1. Keeping all protein chains in place, calculate the accessible area per residue for segment 202-293 (probe 1.4 angstrom), answer in Å².
2. What is the spin-label model distance, in nm, from Leu250 to Val346 if the labels are put 7 Å beyond Cα along the C-beta direction?
3. Place the peptides 216-222, 299-305 in order of packing, highest mean first, counting for every residue the other Cβ atoms within 10 Å and averaging per peptide.
4. Can you tell me the alpha carbon radius of gyration of segment 126-273 divided by the globular rule-of-thumb value 2.2 N^0.38 Å?
5. Over the chain, what number does the Rg to Rh ratio reach, with both radii from the alpha-carbon atoms and Rh per Kirkwood?
6. Given a cut-off of 19 Å, name the pairs among Lys323/Lys343; Lys88/Lys427; Lys67/Lys88; Lys44/Lys113; Lys52/Lys267; Lys32/Lys323 whose C-alpha atoms lie farther apart than that in the structure shown.
7. Roughly speaking, to the nearest percent, how much of segment 181-286's 1.4 Å accessible area is carbon and sulfur?
8. Rank Gly207, Thr228, Ala191 by how far each Cα sits towards the positive end of the charge dipole of segment 190-239 (+1 on Lys, Arg Cβ; -1 on Asp, Glu Cβ) and give me just the farthest.
Amino acid sequence: MASTRASVPAAAVCLAALAALAACATFSDTTKSTERSLAQQQPKLALVEYEKLKPSSADRVLHLMNKGMLLRMAGDYEQSTRALEEAKSLIDNLRAVSLREQALSIAVNDAAKSFIGEDFEQVMVHAYLALNYLERQQLETARVEALQIDVLLRQMAEGSSGSPYVEDAFARYLTGIVYEDQREWSDAMIAYRKAYETYEEQLDRFGVALPETLKHDLIRLADRMQLTEEAARYRKAFGIGDTPSAAALLDRGEIILTVHAGLAPLKRENAAIVLNPGTGRMLKLALPQYRPRAQPFAYARVSVDRWSATTSRVASVDAIAMKSLESRMPAITARALARMIAKDRVVKEAGDRGGTQGGLLGLAVNIAGVVSERADTRSWFTLPGEIHLARISLPPGSYRGRIEFYGSGGGVLQSSEFQIALGKGEKRYLSRHWIPNNLEVRP
């Protein structure tokens, strides 16, 4: 009888462990309904589904990132900006990880730490804020984001430790566009040159060739700044002959279109549970992995009267995300192995108390350790898989234009019309998001 009474507390511990930890899942594991609504081309419904989720304090930044992008997809740039600005502020506050969170990540799992995003996700917060401000014609505030991108990329380069992502070609290109719109020719030229260098350096890594638009931008700015030899080098390297003069372009307006195609790759858990034949104890190793989604989008064409322009791909979030995770896998795996060994040691100590109670307590601790071992699958999943950009110069006036999305097979995926008024020397920014209806969602 005594042994039965002694076993009750241990059994209760076992049941409590299972109840408390059975729902131990990272925040991104709960986003299936949001992704499904996006696949149905319903960003407003996706936002409603997403707002039903109640993030933990550790997932607050992640929640704001995705909320900001969903609001952007729904056309609410003001609220999108508020969410992304709040995310940016929280990232700054959380960047210095507390000792307690470091200990939790070692003892429990990596998802116990507050999410502040990968380096590229932090840069993208600034990039999308800049795009939001440009769309709303708030150029000075967009310039602030451009300056913050410069600072962040410089800090990343100084603290680099073998990461494949220490520069961002698209972010540099975007800052150049902002500076040029402000007529800060020298800063724009520096940014365009840096973007050029980065696209060339990262071609094999991320697979994004130098955009056609950037080729023309480099020539145009070199001409404007009377950098004759540099302009000649670009014309020869790019095979571009005559181009409109800088003076002529000042008399025209311009539409700058960005297309945000697909969604970032799926981040999933790859886990294995094995039984240690020598001890009978369960061991679990859980690691994150990215799985790219199908990307049927090829390019977009914007047409206005007799003028038209085709987009160039300017960023592959897919490639950046997967290469960034790949570079961190040795450290992630080392932490996971260290946790597995530490948890197994705790199980042994619990079981060594002897008797039925010790055995059940050891089992409860073993179950708790296995269930709590989860890969950190959090990611800014509403980022696009790719970003494309086009620039089209037009005489001042009011226009009705058309944007067509083309698939890899050459067919039109979607088309829409827009109306716009352009003044002399004015730039207007348009954004379009496109997500395929056969989007792969989380299981």
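The values are calculated or read from the model by the stated rules, or taken from the named source; none is laboratory data. As the structure is a computational prediction, the values presented were derived from the model and not from experiment. Please note: Cβ atoms are built from the backbone with ideal geometry, for glycine as well, and neighbour counts cover all protein chains shown. Accessible surface areas use protein heavy atoms only, side chains included; no ligands, DNA or RNA. Shrake-Rupley method; radii C 1.70, N 1.55, O 1.52, S 1.80 Å.
1. On a per-residue basis, segment 202-293 sits at 48 Å².
2. Label-label distance for Leu250 and Val346, simple model: 6.8 nm.
3. Top of the packing list down: 216-222, 299-305.
4. For segment 126-273, the normalised Cα radius of gyration comes out at 1.18.
5. 1.07
6. In this structure, Lys323/Lys343; Lys88/Lys427; Lys44/Lys113; Lys52/Lys267; Lys32/Lys323 lie more than 19 Å apart at Cα.
7. Its accessible area is 50 percent carbon and sulfur atoms.
8. The residue sitting most towards the positive pole is Thr228.
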